[in-house]
Amino acid sequence: MARLKTHDEALRLRLLHRAAATVFDRGTAALSLRQLAADVKTSTTAVYSLFGNKAGLLSSLYEEAARLFVARLAANRPTDDPVGDVIRLGLVYREYAIANPHLYAILFSDRSVQCPSESESESERPPEAIETYRPLVDAVRRGQQAGQFSSESDPELIALSVWGMAHGLVSLVLSGNEPPGLAVADCYERALGVLVAGWRVNEGKVQGFADVP
C-alpha cells in the first residue's frame, strides 16, 4: 500500500494562511513554528519539512501573497484603453486587499516578512515585488504610446502616484480610519480617475490637476 502523503500542498497553504493571520495580528515576533503547527493540527516536523525554518516560512509567505496578487492582476487583461486599464488595476488592488487583508499586509506593510534575515539589505526588494508592480507600469507605458499619458514623465512616476493613491485609500479602510461621514468605497474609483486625469494629455498639452472638473 502506498504511504499516505501528509506534507502536501493543502497543508502548506493552511500553514501559510494561518501564519499570515498571526503576523497580521501580532507581528513576526509572535510567529512560533510550534504554535503554528498546533493551530493547524499538524507536527512541527511537518512545518520544518515544508519550510526549513522560520525564515523559510516567512519567505514562502511573501511569495504566496505575491503569487495570488499577481494572478488577480493578470486576470484583468489589457485592453485598447490603457487609461481605463490603469483605473481597473487600481480597483483590483482594492478588491485583493479587502478580500485578503492578512496577505495584503504581508505584501505591502510588513518589511520584516520581505527581509526576514538581518543580513539582507533593507534596500533590496524581493523579485516577486517587481511582478506586483509591473502590470501598472506596463499599462502606463501603453498609455504613453497611445498618446493618452504625458510622454515627458517617467512611466514609473505616474504608476507610483496611482499606487500611492490606491494604497493610501485602502489603508484608511483596513485601519478603520476613514473620515467620519465619508466611505472610501463611495469615492475610491472617482479619486483614482481624478488622479489619472491629471497625467493625461489634453489637446497636445498635459492636463493639470486644476483643470480636472
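The values are calculated or read from the model by the stated rules, or taken from the named source; none is laboratory data. Note that the coordinates shown come from a computational prediction; the quantities given were computed from them, not determined experimentally. Neighbour counts run over all protein chains shown; Cβ positions are idealised from the backbone, glycine included. In case anyone asks, the SASA skips ligands and DNA or RNA and just uses the protein heavy atoms, side chains included. Shrake-Rupley method; radii C 1.70, N 1.55, O 1.52, S 1.80 Å.
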- Item | ³J(HN,Hα) computed for each position of region 187-192 - Karplus, 6.51 cos²θ - 1.76 cosθ + 1.60, integer Hz, glycine/proline x | 10, 4, 5, 5, 4, 4
- Quote to one decimal, in nm, the extra length available between Y48 and R67 on full extension: 0.36 nm per residue of separation minus the C-alpha distance between them. 4.7 nm
- At a Förster distance of 22 Å, what's the computed FRET efficiency of Y133 paired with A185, Cβ-Cβ distance as r, to 0.05? 0.35
- Pop a pseudo-label 7 angstrom from the Cα along the beta-carbon direction at both A29 and Q145 and give the gap in nm to one decimal. 4.9
- Query: In debye, nearest 20: dipole of region 30-113 around its Cα centre with unit charges on the Cβ of K, R (+) and D, E (-)?
  - Reply: 300
- Amide hydrogen neighbours beyond the local backbone of F149, cut-off 5 Å, H modeled: Q144, V201
- How much of the accessible area of region 1-74, in percent, comes from carbon and sulfur atoms when a 1.4 Å probe is used? 52
